[in-house]
Amino acid sequence: MEGQQRTSLQQAKQPRTVLAGPYGHPFHPILVTVPIGAWVASLVFDVVALAVESDEQTFAEGAYWLIAIGIIGAVVAAIFGLIDLLAIPRGTRAFRTGITHLILNLTAVALFVLNFAIRAAQDHEEASVVGFVITLIALGVLGVSGWLGGKLAYHYGVRVADEHTQSEGFAQ
């Protein structure tokens, strides 16, 4: 590996600030579980609300509030993701992948904000087929973005400990 590449790689592995999490333990990956979990649960609640008329109100309202929790969680996760993105040297494949990851995440959040607004304008205690479809589309976008996030960590090694540090885990 060339010197400039090695320096860029080491830079991308280091936290830009202590707020991003310690070396080898970034906060962004754990924070994204909140919106992902809330939004997947909202899909399940939508399915139940659409399928079981007697429980429609309970599950439709649950889906509505799960979407709100996901939006709030996504904003928090995005702050930490942006801190990690800013540690990646500009002009690199990893940075371009990070920008695409960011754009897809913002798209997913915008879709969920639209979804929340549509449900709020309607009666959020009734199942929403439009909301269900938006949720499916947004989760598809989120899945592609998540794949790119995995590529950043596991392929490019962004905010992952270097191989020397990793090898400590395999010592006898």
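The values are calculated or read from the model by the stated rules, or taken from the named source; none is laboratory data. Keep in mind the model is a prediction, meaning the values are calculated, not measured. With ideal geometry, Cβ positions are generated from the backbone for all residues, glycine too; neighbour counts draw on all protein chains shown. Each accessible area value is taken on the protein alone, full model and side chains, heavy atoms only, with ligands, DNA and RNA left out. Shrake-Rupley method; radii C 1.70, N 1.55, O 1.52, S 1.80 Å.
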Look at residue 119 and say whether it is open to solvent by less than 70 Å² (accessible area, probe 1.4 Å) and touching a Phe, Trp or Tyr at 6+ places or on another chain (Cβ under 6 Å). yes
What's the total number of residues in segment 75-99 that are outside any loop (DSSP other than H, G, I, E, B) and either among the acidic types (Asp, Glu) or more than 18 Å from residue 115 (Cα to Cα) (or both)? 17
For residue 105: the one exception among (1) modelled with pLDDT of 95 or more; (2) surrounded by fewer than 16 Cβ atoms within 10 Å (Cβ to Cβ); (3) within 30 Å of residue 155 (Cβ to Cβ): (2)
All conditions in (1) open to solvent by less than 30 Å² (accessible area, probe 1.4 Å); (2) under 19 Å from residue 147 (Cα atoms); (3) at pLDDT 95 or above are true of residue 37 except (1)
With respect to residue 72, is the statement that it is open to solvent by 30 Å² or more (accessible area, probe 1.4 Å) and either assigned to a helix (DSSP H, G or I) or in contact (Cβ under 8 Å) with a residue 60 or more places away in the chain (or both) true? yes
Inspect segment 82-91 for any residue being closer than 13 Å to residue 156 by Cβ and open to solvent by 50 Å² or more (accessible area, probe 1.4 Å) and give the result as yes or no. no
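Results for (1) surrounded by fewer than 19 Cβ atoms within 10 Å (Cβ to Cβ); (2) under 16 Å from the mean Cα position of the chain (by Cα); (3) charged (D, E, K, R); (4) at pLDDT below 95, shown as yes or no for each residue.
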site	(1), (2), (3), (4)
14	yes, no, no, yes
30	yes, yes, no, yes
41	yes, yes, no, no
44	yes, no, no, no
47	yes, no, no, no
Scanning for something of a type in the set (S, T, N, Q) and over 20 Å from residue 145 (Cα atoms), does segment 114-131 turn up at least one residue? yes
Filter segment 125-159 down to residues that are open to solvent by 50 Å² or more (accessible area, probe 1.4 Å) and within 15 Å of residue 66 (Cα to Cα), then give me how many there are. 3
Of the criteria (1) in contact with a His (Cβ under 7 Å, 6 or more places away or on another chain); (2) modelled with pLDDT of 95 or more, which one residue 100 fails: (1)
